Amino acid sequence: MESSSTIDPAEVAKFEAMAAEWWNPHGKFKPLHQMNPCRLDYITQQIAAEFDRDLSAPLPFEGLRLLDIGCGGGLLSEPMARLGAEVIGADAAPRNIPVAKLHAEQSGLAIDYRNTTAEALAAAGERFDVVLNMEVVEHVADPLTYLTACRELLKPGGLMICSTLNRNPKSFAMAIVGAEWVMRWLPKGTHDWSKFITPDELYDLIRKAGLDPVDRKGMVFNPVSWSWSLSTRDLSVNYVTASVRRT
């Protein structure tokens, strides 16, 4: 793996330690498994709208080249491949890649998983119709440099979906105290609250990176129904954005 100024070795080490847990819905990645249907709903709707695709078709994303950066064990890469996209999954944590490859093979899916970075892929001239950048930007050392590399990875007219965590007292209470300390869904220290990014800060970074933000929504957890849903108003904790490379 080529070195990169945006990789934070301490952050990579956290996810390396949890690599074997990726496909256990009751393990350390339980929150992602619970959130995944909500994330997929947003991702598929945005891709369908941007590229005029019919989600009721057998392979609606056929012909689209998609990068899942920070792919982990492949929780998003696999459904994208099932929808017909040519999927490249990239992760800076080496131990994630064999886990992802094995699960894809067991699922009968052809996904190109690589232990690499956004910067290395951009430098190699790789280009994509879609870049999924989910829950990664709060773990990198330099968000603007990282998002600029993501912009370079997009073809003109390409779409980036980027999700992260807001920075406010509520997100500290829910993502740190609730998820890590009380519920123990994640090991303590998985997230650094000071690295969380407000929606306005992220929009500003996206624009500075050369992309045009076109949408943002909150992903809201309901403790009564124990489920996630999209919200046009509540971006207070988890939220997701869509942006386009115009030229």
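The values are calculated or read from the model by the stated rules, or taken from the named source; none is laboratory data. Since we're looking at a predicted model, the values are computed, not measured. Virtual Cβ from ideal backbone geometry, glycine too; neighbours counted across all protein chains shown. Ligands, DNA and RNA are stripped out before the accessible areas are found, and what is left, the full protein with its side chains, is counted by its heavy atoms. Shrake-Rupley method; radii C 1.70, N 1.55, O 1.52, S 1.80 Å.
Consider Asn24 against the criteria (1) in contact (Cβ under 8 Å) with a residue 24 or more places away in the chain; (2) under 19 Å from Gly73 (Cα atoms): it satisfies all of them except one. Which criterion is unmet?
(1)
The conditions are (1) surrounded by fewer than 24 Cβ atoms within 10 Å (Cβ to Cβ); (2) outside any helix (DSSP H, G or I); (3) touching a Ser or Thr at 6+ places or on another chain (Cβ under 8 Å), and Asp129 fails exactly one of them. Which is it?
Tallying (1) surrounded by fewer than 24 Cβ atoms within 10 Å (Cβ to Cβ); (2) outside any helix (DSSP H, G or I); (3) touching a Ser or Thr at 6+ places or on another chain (Cβ under 8 Å), Asp129 fails exactly one: (3).
Any residue that is among the polar types (S, T, N, Q) and within 19 Å of Asp215 (Cβ to Cβ) - is there at least one of those in the stretch 27-41?
Checked the stretch 27-41: no residue is among the polar types (S, T, N, Q) and within 19 Å of Asp215 (Cβ to Cβ).
Residue under question is Arg82, and the condition is that it be more than 22 Å from Phe196 (Cβ to Cβ), touching an Asp or Glu at 6+ places or on another chain (Cβ under 7 Å), open to solvent by 30 Å² or more (accessible area, probe 1.4 Å) and not small (Gly, Ala, Ser); does it hold?
When the stated conditions are applied, Arg82 does not pass them.
Filter the stretch 4-47 for residues that are in a loop (DSSP other than H, G, I, E, B), among the hydrophobic types (A, V, I, L, M, F, W, C) and open to solvent by 60 Å² or more (accessible area, probe 1.4 Å); which is modelled with the lowest pLDDT?
Ala17
Every residue in the stretch 132-147 that is β-branched (Val, Ile, Thr) and either open to solvent by less than 30 Å² (accessible area, probe 1.4 Å) or at pLDDT below 95 (or both), please.
Scanning the stretch 132-147 gives Val136, Val137, Val140.
I need a count of the residues in the stretch 194-234 that are touching a Ser or Thr at 6+ places or on another chain (Cβ under 7 Å), over 19 Å from Ala175 (Cα atoms) and of a type in the set (D, E, K, R).
So the count comes out to 3.
Give the residue that is modelled with the lowest pLDDT, with candidates limited to residues of the stretch 164-185 that are closer than 18 Å to Leu235 by Cα and in a loop (DSSP other than H, G, I, E, B).
Ranking the candidates gives Asn168 first.
Kindly provide the set of residues from the stretch 209-232 that are in a loop (DSSP other than H, G, I, E, B), touching a residue at least 12 places away in the same chain (Cβ under 8 Å) and not aromatic (Phe, Trp, Tyr), ordered by number.
Within the stretch 209-232, Ala209, Gly210, Leu211, Thr232 meet the criteria.
Looking only at the stretch 48-65, filter to residues that are touching a residue at least 24 places away in the same chain (Cβ under 8 Å) and in a helix (DSSP H, G or I); which one of those is least open to solvent (accessible area, probe 1.4 Å)?
Checking each candidate, the answer is Phe51.
Name every residue in the stretch 101-117 that is more than 18 Å from Glu11 (Cβ to Cβ), within 16 Å of the chain's Cα centre (by Cα) and crowded, with 22+ Cβ neighbours inside 10 Å, in order of residue number.
Tyr113
Would you please list the contacts, defined by Cβ atoms under 8 Å and residues six or more apart or on different chains, that run from a residue in the stretch 92-109 that is under 9 Å from Gly74 (Cβ atoms) and in contact (Cβ under 8 Å) with a residue 40 or more places away in the chain to a residue that is surrounded by fewer than 21 Cβ atoms within 10 Å (Cβ to Cβ) and of a type in the set (A, V, I, L, M)?
Within 8 Å, the pairs are Asn96/Ala19; Val99/Ala19; Val99/Ala20.
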